[in-house]
Structure formats: C-alpha cells, structure tokens
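To keep things clear, I will list the structure first and then write my remarks on it.
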Amino acid sequence: MSSKKHVPYRVYLGEKELPESWYNIRADLPNLSPYLNPATKKPVTPDDMKAIFPLDLIMQEMSDERYIPIPDEVMEIYRSFRPSPLCRAYGLEKLLDTPARIYYKYEGNNPSGSHKLNTAVPQAYYNKKAGIRRLATETGAGQWGTALAVAAQMFGLECTVYMVNVSYRQKPYRKAIMEVYGAKVHPSPSPHTNTGRSILERDPDSLGSLGIAISEAVEDAATHEDTNYSLGSVLNHVILHQTIIGLEAKKQMEKIDEYPDVVIGCCGGGSNFGGIAFPFLHDKIREGKKTEFIAVEPAACPTLTKGKFAYDFGDVAKMTPIIEMYTLGHDFIPPGIHAGGLRYHGDSALVSRAYRDGLIEARAVRQTDVFKAAIQFARTELILPAPESAHAIKVAIDEALKCRETGESKCILFCLSGHGNFDLTAYEEYIAGKLADYEYPDELLNERLKCLPDV
C-alpha cells in the first residue's frame, strides 16, 4: 500500500462491533509450564488460589479455551469507554519524513487514563459476584491503582492500594485521584503489614518495588476473609482481559485495509504488550503471518533482555505462586526511574514463553531517549504520553527511521497505553536536564539471581 493513501486520523468501531469474547493465547502456546505452590513446590491447583482470588478468575487463569465470553455486566461498562480509537500518526510521520505508516491504539480515554481499566472492571465484577467486600492491590506508577479504585467504586467495593514508595513520592496526584474514587493508598513498604514492617526495619528509606508492594497486598488479602487480591499485570487472566485492545485493533485495521508489519508495546509485567500483540500473534502462530513483535523495556529493568528464564516468585515475601518466567530475581530493587509501571522484576509467563520460543523480540531503551521520543510525539500528535507508553514510541520511531533508510513502507502499530498528565514532574526534570540514564550492571544482576528458588 502506498504511504500516500489517506485514511482517517482516527478509526472507530460502533458499540455493536465490540468484541464479545477475550482471546486466550494459552490455547495456542505450547510448552507452558505449570505454576508451582510456594510451600509444596507442586503444581498449583484451583484450591491453592481460593484464598485471594474468586473462582471465576482462577478458572480463567488456568483455562485453555481459545475464546472466553465477556459477561454482559462487563460489556455494559466497557461500552462507556470502549472501543478506543485507532489513530494514524500523520504528524509524527511527517516529522520523521518516513514512508512508514504509523498507527497507535490510544487507551488513555477513560477515567484511569490507561489500559488498566480493561481488566480492573472484570476483576471487580467477578469479586463482587463472589461476595467479596474489599480488594487489595499494589501499584507502581499509579495507573493500575487508579483503575482498580474506579472499578471498585463502580461495583460498591472498598479498595486498598499499596503504592511503590518512590512513585508515591514522585506522583502525588495519582494518589489524589485514587482517593477521589474512594481508595486508601499506602506507600510501600508500609507499617500496615508484616512484610512492610520487616523491610522498613532493615531499610527505613526503602524506595520500594512492585515485588514488595505485591507481597503487602497479598498478605492483606490472605489475612482478611472479606478481602481478595487483584493484580494489574503478569497473570494469565489479566492479559486475557487486555486482549480487547488487539481484538479491536484488528477490526479497525480491517476497515481501512491495513495489517501491521510490526506490533510494539512497552513491557513491564506484560499486560499492555500482550493486550495489543497477542490477537495478532495468534495469526502468526495459526496462519503463518510474518508480523514482527517487539516488547520494549527500560535498560534500568531489563527483564527480557538480561534476565534469566527460570522459576521464580512473583513477590519478595515468597507468598505468590512460583512462575516460570524471565526474571531479574524476586529480591530485585530497581532504580527510581520515572516509568514506574515497568519496574517489575519478572514478566508474564505467557510473554516469557513467547520470547523464549522466538515468537517475539525484546529491546531495552534508555530513559533520556524515551523522554526525547515522548516530546516528539507530544508535539506532533498532541497527546502527552505516559513514560511507560513512550518506550513503545521510542522503538516505533526507530522502526520508522529504518524505513526511511531502506525506502520500505511498513505498517507500524503500537499501543499508547495511557496519557502522562500526572507525570509532569518527570517531564520537568527531563527538560531541565536532570534525568540520568541507568543500565543495570551484569555483576549486580548475577548477584540478584542467586535468590532464585531451587525447583
């Protein structure tokens, strides 16, 4: 297709065109290993997970069905903010002088400002259905905590959020918006759990990590009968819910006679990347499509590009199931980069297996390069991207510049997973030249990997 062919700036779907089922890539990924019980080291059973999850989510976590219907109650709420637009980045294309056709799926048009509401709504629904009164969770940059606060409010649930301490300090307005929607927000590590107290005793000034915050939220849920745990990334059912992004994008691209040559997403735990990529990866696995898939992570937290493929705990306190994944070690404490949502020590088992099997690739990028790309995008597309989303923008720009060099007119699709309206401190520091790059050293990585469980 010629790069001169004009398509609308934004491609929408009607409410009746919304996908009615989520796509479950477990049906198409061979070689998946079972989760292991952290106490017995034996494969996890549904009963092992009932202390913190409702049965419906447990069954989705373990299901091999290719498509799982979206409940009517969830669809009704989805229609209030979905479908999200597929946008052609004409301004960015012009700036780069590239023959590439750049598209992005914009997930910031909802009260949480990110893709996280796609799974927060069904998680709140299934917990309400199970008779749960309160949800406990962790959050890095605050997008997930905001989304769960919004969804919990919709279903009349209470919500407690353990927010990674460095992000709690950097992003006060994320805390404020969570509180607007009724959530209680604690900096993690906190004095409210045994896990938090033990860490604060050793390091009163701890920056925290997602692994620590997860431990606190899981402990909270496990010690209160009326409370369940909700996770915003990593687990199978979370990525399942996020496939609404890619399923919509496929329908929208069909409307304009397009199909991506490259699909890009930032990758922390894997839900945003899996959400945009997996419906297209289905076509590569089942139909032989030649699409390239690129998961983009920070050089400061290089889980896929430098981590080890091994069984590891999902949290610091070793309370979660042991999962086979790419990991930097569950004791990993990342530096305080501004992309707080990409600071997790591990990756989804599904994303990890796809990477291990060569179905996708991964790239690690530096913080200052990410913010440079973010500002280019903001000035040409008039949306201020979240620092996490800007990782995908950076690599989309790289791919578009390659097309300028080769003359190829590739179709590039990335997920703009959220806006950066609450990340102005980070932009202010970048513009003032105060942001530093950090690449995680191999010797420190090798030390962290010594904590892996013997299984």
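Each value in this text was obtained by applying a stated rule to the coordinates, not by laboratory testing. Model, not experiment: these values are computed from the prediction. Cβ coordinates were reconstructed from backbone atoms using ideal geometry, including for glycine residues, and neighbour counts include every protein chain displayed.
A few comments on the model shown:
- For region 302-450, the alpha carbon convex hull comes to 141 Å³ per residue, rounded to a whole number.
- Shape of region 141-264, Cα gyration tensor, a/c cut at 1.5: prolate
- Span-like helix criteria (full DSSP H runs; alpha carbon extent of at least 15 Å along the helix axis; mean Kyte-Doolittle hydropathy of at least -1.0) are satisfied in the chain by 117-129, 143-154, 210-222, 244-255, 271-287, 367-381, 387-406.
- Each Lys and Arg Cβ is given +1 and each Asp and Glu Cβ -1; about its Cα centre, the chain then shows a dipole of about 800 debye.
- Whether region 42-96 is rounded, prolate or oblate, judged on the alpha carbon gyration tensor where a/c under 1.5 counts as rounded: prolate
- Summing Lys and Arg as +1 and Asp and Glu as -1 over all other residues whose Cβ lies under 11 Å from the Cβ of GLY270 gives a net charge of -1.
- Sum of side-chain charges, LYS116 neighbourhood, beta-carbon under 11 Å (Lys, Arg +1; Asp, Glu -1): -2
- Annotation: lysines with alpha-carbon distance below 18 angstrom to LYS175 (same-chain offsets under eight excluded): LYS116, LYS184.
- Violating pairs (Cα-Cα greater than 23 angstrom) within the set LYS255/LYS290; LYS308/LYS450; LYS16/LYS290; LYS171/LYS372: LYS16/LYS290
- Once Rg and the Kirkwood radius are both taken over the C-alpha atoms of region 232-338, their ratio Rg/Rh works out to 1.03.
- Of the GluC sites (Glu not before Pro) found in region 189-286, those in coil by DSSP whose Cβ has at most 16 other Cβ atoms within 10 Å are GLU225.
- Sorted on the mean count of surrounding Cβ atoms within 10 Å across their residues, most packed first, peptides 427-436, 160-169 read 160-169, 427-436.
- The structure-derived value of Cα extents along the principal axes in Å appears in the list (1) 60, 49, 43; (2) 103, 56, 41; (3) 79, 48, 40 under the label (1).
- DSSP assigns beta bridges within the chain; of those with both partners inside it, close to 35 percent run antiparallel.
- Counted charge near GLY14, where neighbours are those whose Cβ lies closer than 12 Å (Asp, Glu -1; Lys, Arg +1): +2
- Per-residue packing, averaged as other Cβ atoms within 10 Å, sorts the ranges 111-124, 177-190 into the order 111-124, 177-190, beginning with the highest.
- Once the mean of 1/r is taken over each pair of separate Cα atoms and inverted, region 42-179 shows a Kirkwood hydrodynamic radius of 17.2 Å.
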